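Novice: Dumping the structure here so I can ask a few things about it.
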Amino acid sequence: MHSDTPLTIYGEQFDSRLLIGSALYPSPEIMQQSLVASQAQIVTVSLRRQNSVSAGDDFWQLIKDTGLRVLPNTAGCHSVKEVVTLAQMCREVFATDWIKLELIGDEYNLQPDPIALLEATDILIKQGFKVLPYCTDDLVVCQRLADLGCEVLMPWGAPIGTGKGLLNPYNLKTIRERLPDHTLIVDAGLGLPSHAVQALELGYDAVLLNSAIAGAGCPVTMASAFNHAVVAGRAAYVAQAMPEKEVAAPSTPTMGMPFWHQN
């Protein structure tokens with residue numbers, strides 16, 4: 001039986017390979033129930049987008065009550081200056097040097113701006129942040145982020161909120177193969193538990209998602225489904241899949257021939 005190692009993010013270890021968002025749920029109570037059902041240990045929050053919700057301080061208290069590790073993000077930022085300012089605010093509010101770096105370059109598909117992302121990453125790392133950058137599935141961008149000092153990279157599966165799954169498995173697989181020592185998390189675009197299974201089967205260390213759970217008919221049940229999906233996907237990766245074949249091969253012995261005589 002093959003052994004496995006925990007998910008590691010900047011030296012901290014976690015049992016769950018599912019990171020979950022805290023936005024878009026039908027109600028704060030359903031959000032809290034979904035977080036519990038997911039068995040996630042890390043929840044991402046947006047200071048900029050959620051600070052103005054009507055729930056106010058009650059929302060942040062719900063997050064604190066979950067006991068989960070908080071990963072602040074810079075959702076909604078479009079410039080390096082915005083990102084740096086918001087990251088500094090998040091560090092004060094949440095008492096963490098973790099930051100999920102989001103810097104949008106296109107309003108239509110919410111694609112990250114690779115040029116500004118690299119600039120902001122460099123600044124934040126020099127300020128002592130542990131940056132988890134949200135990026136596209138571009139190998140060179142991922143390599144440059146790694147060169148700047150990112151230990152964790154978060155390429156998308158598809159544009160955020162689309163639920164389309166892994167649009168380019170080849171790119172994601174290439175990133176995994178070329179950056180074997182980095183923690184890789186597929187972030188955005190997943191819609192089904194099977195998408196999470198596929199990401200983990202490719203060797204990715206975890207997935208982060210929000211809309212796939214919050215937008216489901218029953219978010220709590222879907223959260224549980226994604227929990228099982230990441231467990232199954234990781235187990236399949238560790239087990240090592242059988243080689244693909246171009247022709248069929250019988251899986252049962254030929255009648256009248258001992259199995260030890262068969263090829």
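Novice: If you build the Cα gyration tensor of the chain and take the root of 5 times each eigenvalue, what three semi-axes come out, in whole angstrom, biggest first? Show your work: numbers first, answer last.
Specialist: Details: eigenvalues 254, 98, 52 Å².
Listed largest to smallest, the semi-axes of the chain are 36, 22, 16 Å.
Novice: I would also like to ask the following. What accessible area per residue comes out for the range 126-237, rounded to a whole number of Å², with a 1.4 Å probe?
Specialist: Numbers: 4300 Å² over 112 residues.
Result: 38 Å² per residue.
Novice: For the range 125-263, what is the charge dipole size about the Cα centre, in debye to the nearest 20, if Lys and Arg each add +1 at the Cβ and Asp and Glu each add -1 at the Cβ?
Specialist: Working: 9 positive and 11 negative charges, 31 e Å.
With only Lys, Arg, Asp and Glu charged at Cβ, the dipole is about 160 debye.
Novice: Also: Would you tally the net charge around residue 9, using a Cβ to Cβ cut-off of less than 10 Å, leaving residue 9 out, and scoring K and R as +1, D and E as -1?
Specialist: Neighbourhood net charge equals -1.
Novice: Continuing with this model, one more query. Between residue 89 and residue 238, what length comes free when the chain is fully extended (0.36 nm per residue of separation minus the Cα-Cα distance, one decimal in nm)? Let's see the in-between values first.
Specialist: On the way: separation 149, 0.36 × 149 = 53.64 nm, distance 3.95 nm.
That pair, residue 89 and residue 238, stretches by 49.7 nm at full extension.
Novice: Add +1 for every Lys or Arg and -1 for every Asp or Glu among the other residues with Cβ under 10 Å from the Cβ of residue 205, and state the total.
Specialist: +3
Novice: Still on this structure, please answer the following. For residue 167 and residue 12 in one chain, what is 0.36 nm times their gap in residues minus the Cα-Cα distance, to one decimal in nm? Show your work: numbers first, answer last.
Specialist: Details: separation 155, 0.36 × 155 = 55.80 nm, distance 3.01 nm.
So the chain would gain 52.8 nm between residue 167 and residue 12.
Novice: Show me the GluC sites (Glu not before Pro) within the range 52-147 that DSSP assigns to loop and that have at most 12 other Cβ atoms within 10 Å of their Cβ. It would help to have the intermediate numbers written out before the result.
Specialist: Numbers: sites: 82, 92, 102, 107, 119; in loops: 102, 107.
When the GluC sites (Glu not before Pro) of the range 52-147 are filtered for loop state and at most 12 Cβ neighbours within 10 Å, 107 remain.
Novice: Here's another thing I want to ask about it. Just the number, please: carbon plus sulfur as a percent of the accessible area of the chain, 1.4 Å probe, no ligands or DNA/RNA counted. Don't skip to the answer; put the middle values down first.
Specialist: On the way: 7210 of 13400 Å².
Looking at the chain in its full context, I get 54 percent from C and S.
Novice: Counting helices only, and only those DSSP H runs with n ≥ 4, report the 222 nm mean residue ellipticity of the chain as the sum of -39,500 (n - 2.57) divided by its residues, in deg cm²/dmol to the nearest 500. Walk me through the intermediate numbers first.
Specialist: On the way: 10 runs with 107 residues, N = 263.
Mean residue ellipticity at 222 nm (helix-derived): -12000 deg cm²/dmol.
Novice: Please identify every one of the chymotrypsin sites (Phe, Trp or Tyr not before Pro) in the range 88-135 that sits in a loop by DSSP and has no more than 15 other beta carbons within 10 Å of its own beta carbon.
Specialist: Counting only loop positions with at most 15 other Cβ atoms within 10 Å, the chymotrypsin sites (Phe, Trp or Tyr not before Pro) in the range 88-135 are 108.
Novice: Still on this structure, I have one more. For residue 251, put the label point 7 Å out on the Cα→Cβ axis and report which residues of the range 220-236 keep their amide N under 17 Å from it.
Specialist: 236
Novice: Once fully extended, how much extra length lies between residue 4 and residue 125, figured as 0.36 nm per residue of separation less the alpha-carbon to alpha-carbon distance?
Specialist: Here the answer is 40.6 nm.
The values are calculated or read from the model by the stated rules, or taken from the named source; none is laboratory data. Not measured: the values here are computed from a predicted model. Positions of Cβ are backbone-derived with ideal geometry, glycine not excepted, and every protein chain shown enters the neighbour counts. Remember, those area values only see protein heavy atoms, side chains included, never the ligands or the DNA or RNA. Shrake-Rupley method; radii C 1.70, N 1.55, O 1.52, S 1.80 Å.
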